[in-house]
1. Can you show me the helix-derived [θ] at 222 nm for the chain, built from DSSP H runs with n ≥ 4 at -39,500 (n - 2.57) apiece and divided by the number of residues, rounded to the nearest 500.
2. What is the magnitude of the charge dipole of the chain about its Cα centre, with +1 placed on the Cβ of each Lys and Arg, -1 on the Cβ of each Asp and Glu, and no other charges, expressed in debye to the nearest 20?
3. Taking the chain, how many lysine pairs are there with alpha carbons less than 30 Å apart, if each pair must be eight or more places apart or span two chains?
4. Quick check on packing: order 46-52, 22-28, 62-68 by the mean number of other C-beta atoms within 10 Å, highest mean leading.
5. Long-range amide H contacts for Gln27: which residues qualify at under 5 Å (H placed 1.01 Å from N, peptide plane, sequence gap of 5 or more or a different chain)?
6. Taking a 1.4 Å probe, which of Thr84, Thr69, Thr100 shows the most accessible area, and what order do the others take after it?
7. Quick one: which residues, 5 or more positions from Thr54 or on another chain, have an amide H under 5 Å from its amide H? H modelled 1.01 Å from N in the peptide plane, none for Pro or chain starts.
8. Given H placed 1.01 Å from N in the peptide plane, which residues other than close sequence neighbours of Gly67 have an amide H under 5 Å from its amide H?
Amino acid sequence: THFESAYEVYRNKKTGEAMPIALPGFQYMEDGKRVKKDYEGPVLEPYLKQEGDTLECFTFEESGRLGMTPITLHLPDYEKALKTGDQIISVHIPAEGRMTPELVDDAFRQAEEFFPKYHPELDIKAYMCGSWLLNTDMQEDAV
C-alpha cells in the first residue's frame with residue numbers, strides 16, 4: 001500500500017517526535033474536523049508557507065482534529081519521515097477480545113520482524129493500523 005492522506009509526517013531529528021503536518025487541498029470546519037457534506041459554515045484550508053529555513057503550517061491535536069493556529073517549524077531540526085506515495089504496511093490487530101496497547105505493540109513488532117526478513121525489496125516507511133475503533137468522530141457520535 002502507498003501512503004495517501006491529508007497530512008505528511010515530519011520527525012524532530014533530536015527528540016524523534018513525529019508531527020503530522022496538514023496538506024493544502026483539504027478543508028476543515030471550526031471544530032477541526034474535515035468538512036462534511038452539506039456543511040455551510042466557515043472553513044479553514046491549511047497551507048504550507050516556507051520562508052528560508054522555517055515552515056509555517058498546521059498540525060493535528062491528539063484527538064485527530066486540525067489545530068486552528070499555525071505553527072512554525074525550524075526545518076533544519078526536522079526530516080520528512082512520511083510523505084504521499086511512500087510504501088506503508090497496514091497492520092491487522094488480531095480479534096482476540098479488546099484492542100489493547102499491548103496487542104497493537106505486538107502486531108507492530110511482528111510486522112517489523114516479518115517484512116524485512118521475507119520482503120527485503122520493500123522500502124517500508126511506516127506501519128499503520130486503521131480501525132473504526134480508533135475513529136474519534138465515531139466515538140463522539142456514539143455519546
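1. Here the helix-only value at 222 nm equals -5500 deg cm²/dmol.
2. 200 debye
3. 28
4. Values: 46-52: 12.3, 22-28: 16.3, 62-68: 14.4.
The peptides rank, most packed first, as 22-28, 62-68, 46-52.
5. Under 5 Å from the amide H of Gln27: Val35.
6. My answer, sorted largest first, is Thr69, Thr84, Thr100.
7. Here Leu75 satisfy the definition.
8. Correct list: Thr59, Phe60, Glu61.
The values are calculated or read from the model by the stated rules, or taken from the named source; none is laboratory data. Predicted model only: the values in this text are computed from it and were never measured. For neighbour counting, all protein chains shown are included, and Cβ atoms are generated from backbone atoms with ideal geometry for every residue, glycine included. Please note that ligands, DNA and RNA were not included when accessible areas were found on the heavy atoms of the full protein model with its side chains. Shrake-Rupley method; radii C 1.70, N 1.55, O 1.52, S 1.80 Å.
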